[in-house]
Structures are given as structure tokens and as C-alpha cells.
Amino acid sequence: MTDQIKKLLAYQAADAAVDEAEKKVKTSKARKTANLMKQRYELAVEERKKLIASRDEAETLVASMAAEIDKLASLADVDRAKDAPEDVDALKKLLAEIDKISQNLKKAEDKLNQINSLVAANEKKINEYAAVANKAKEEFNANKAEYEEIYAQAKPEIDALAAEREKVKADVDKTLLAKYLSLKKNKITPTAPLTNSRCGGCHMEMPAFAVSNATKNGYCECENCGRIIYVE
Ligand SMILES: [Zn+2]
């Protein structure tokens, strides 16, 4: 193994130590719960908004239905108040009209009752979602505080490890370092040993020239996964 690779691997180890320390904080139960509660809160607020919109729509409908009912009721009243016509046909016609208006009135009232009970059920749900949102917010705040405490406790260690990483970084060959950082950014483990002429990462067989390059320079790049392949 060349000195250049040794330095790169030392940097990789220091880098992994920082990642590990950060991971402990990031994967803490408090952070996960805080994230979950944030999602729950947002969902409840969103659902509640939708319900309020549909309640407002229903209330507009109720208002227009109520106006319609008033109109029908006053029509029926006016007709009843009239003196009954003496003509039998006219009387039958009037009675039929009153009957029809009364039927429409009944239908409208039934529909209004239906809508009103839907509005009441909706109102109940709106309150339930408000309670869910409030509770989620409370739990979010509690877990956020806990997470911040965990982070504050871990921070000195993370900072020390990061400082150590910076120290080791200075010794790494610039080309290799750039390659390493770019691979890591793409979530690829940046290095792997050359193992029986294969990439130790993806196990792809390396072409002869690549193996010979690796032997000569201490490393080569895997054409398949892009890793820095080093000779042990
Ligand atoms: Zn590979």
C-alpha cells in the first residue's frame, strides 16, 4: 500500500468517526419522534382546513335552503289565507297547488336536516383534528427540546472528531480527496481494496490494464462503481 493511499484511508477513518458520532444524534428517538410529530401536526392541520372548507360550503347551502323554505312556507300561508274560491275547479286547483308546495316544503326541510346533521358531524371532526394537531405540537416541542439537549451533549465530541478529520485531511493527495468527496456525496463508499483482480466494492473483474495501473500507482478507479480501488 502506498503512502498516498494510507493517508486517504486515515482520512476515511476520521471521516467515518465523525459520521458515526453525528448518526447517533440524528437517529436518536427524540429526533425521530419530533419529525413524526411534525408530520402528524401538518397532516391534522391540512385535514382540518379541508373540513372547514367543506363546512363553509355546507353552511352556504344551508342558508340558501333556509331561504327557499321560508319562501315556500310564505307561499303556502298566503294561499291558505285566501278566501276559498267558489268555483269547484278553481278550488281543486288551489288545493293541488298548496299540496305541491307542502310536499316541496317537506322535502326541503328533510334535506336541510340531513345537511345540518352532516355539518354537526363535520364540526365534531374539526374539533378532533384540532386536538390531534395540538397534541402533536406539544409532543414535537418536547422531543425537539430533548433532541437539542442530546445534540448539545454530543457536540463537543463531534467537533473534536471533525477537527481531527481536518488535520488528517491536509495530508491527503488533492486529486484523491476530490474524488473521495465526490463519491461520498453520491452516497458511494469511496474506497475498496483490489481483491483477486476484482473491485472489492462491486466485485466487477478489473481489466488487465487497470490492474497493472493499480500495481504501478497504488490505485485505480473501478469503471463500474467508480470507487477508488487500492492495492493492499
Ligand atoms: Zn466497483
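Just so you know, all these numbers are worked out from the coordinates, no wet-lab data involved. Nothing here was measured: the structure is a model prediction, and the numbers come from that model. Cβ placement follows ideal geometry from the backbone for every residue including glycine, while neighbour counts extend to all protein chains displayed.
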In segment 4-37, residues that are part of a helix (DSSP H, G or I), crowded, with 17+ Cβ neighbours inside 10 Å and small (Gly, Ala, Ser) total 5
Met65 being among the hydrophobic types (A, V, I, L, M, F, W, C), crowded, with 16+ Cβ neighbours inside 10 Å and touching a Phe, Trp or Tyr at 6+ places or on another chain (Cβ under 8 Å)
no
Checked pairs for segment 217-232, first over 12 Å from Cys202 (Cβ atoms), second acidic (Asp, Glu) and near the ligand (Cβ under 10 Å from one of its atoms), C-beta under 8 Å and 6 or more apart or across chains, list as Ile228/Glu221
Is it the case, given these coordinates, that Ile69 is over 26 Å from Ala136 (Cα atoms) and outside any loop (DSSP other than H, G, I, E, B)? yes
The number of residues in segment 168-183 that are closer than 13 Å to Leu8 by Cα and either touching a residue at least 24 places away in the same chain (Cβ under 8 Å) or in contact with a Cys (Cβ under 7 Å, 6 or more places away or on another chain) (or both) is 9
The number of residues in segment 140-162 that are touching a helix residue (DSSP H, G or I) at 6+ places or on another chain (Cβ under 7 Å) and among the polar types (S, T, N, Q) is 1
With respect to Ile115, determine if the residue is within 23 Å of Lys24 (Cα to Cα) and among the hydrophobic types (A, V, I, L, M, F, W, C).
no
Selection over segment 175-214 where residues are surrounded by fewer than 12 Cβ atoms within 10 Å (Cβ to Cβ), farther than 25 Å from Val18 by Cβ and among the polar types (S, T, N, Q) yields a count of 1
